[in-house]
1. Restricting to Cα pairs below 8 Å that are 6+ residues apart, what does the relative contact order work out to for segment 1-124? Please round to a whole percent.
2. For Arg39, Arg22, Arg147, Arg46, what ranking results if the residue with the fewest other Cβ atoms within 10 Å of its Cβ goes first?
3. State to the nearest 20 debye the size of the charge dipole of the chain about its Cα centre, where the only charges are +1 on K and R beta carbons and -1 on D and E beta carbons.
4. Ranked from highest to lowest mean number of other Cβ atoms within 10 Å per residue, what is the order of the peptides 62-75, 2-15?
5. Given 37 °C and 0.692 mPa s, compute D for the chain with the Stokes-Einstein relation, Rh being the Kirkwood radius over Cα pairs; round to the nearest whole µm²/s.
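Read-outs throughout are calculated quantities, based only on the coordinates presented, and are distinct from any laboratory measurement. Since the model is a prediction, treat every value here as computed from it, not as a measurement. Cβ placement follows ideal geometry from the backbone for every residue including glycine, while neighbour counts extend to all protein chains displayed.
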Amino acid sequence: MLKVYKSKRDFKKTSEPSGSLRKAKSKQPMFVVQKHQARALHYDFRLEVSGVLKSWAVPKGPSKNSKDKRLAVMTEDHPLEYGKFEGEIPKGEYGAGKVKIWDSGTYENLSKKKDGKDMSMESAIKEGEVEVKLSGKKLKGGYALVRTKFRGEKKNWLLIKMKK
Ligand code: MN
């Protein structure tokens, strides 16, 4: 759903894509990490799921070390076109600051149910236990996104490099 995304932005002022939902399923879904120098620097980690980019803001960015647990705060879905967006969001607008693509590529869903059966990305996100294999230029291999109940907030997840 892009309702929240659209409600936060004035497309007459920002050059970000207004976007639309794409129904067709990609054989090779994409991921992108955008370095976003907003009020506070963070990295937006996005995975293509069901025609949108599911999105998390990662203050410290993804780590290649499996010992690190990086806070990833779930944010609103973004349109797929956002995966190509780079530019400057003007002052006074939501997310004002520079956006640069830090890494991008495709991913494979590795998420499994407790009984070991494959789980769709939609269900994995609902369950709060996502595992993906990234094929990017910088990021390669397994990454887990796990929802925490840290401070009782539902939108807090951890992004962790897996050993596979
Ligand atoms: Mn951002």
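1. Computed over segment 1-124, the figure is 29 percent.
2. Arg39, Arg22, Arg147, Arg46
3. Dipole magnitude for the chain comes out near 400 debye.
4. 62-75, 2-15
5. Answer from the Stokes-Einstein relation: 203 µm²/s.
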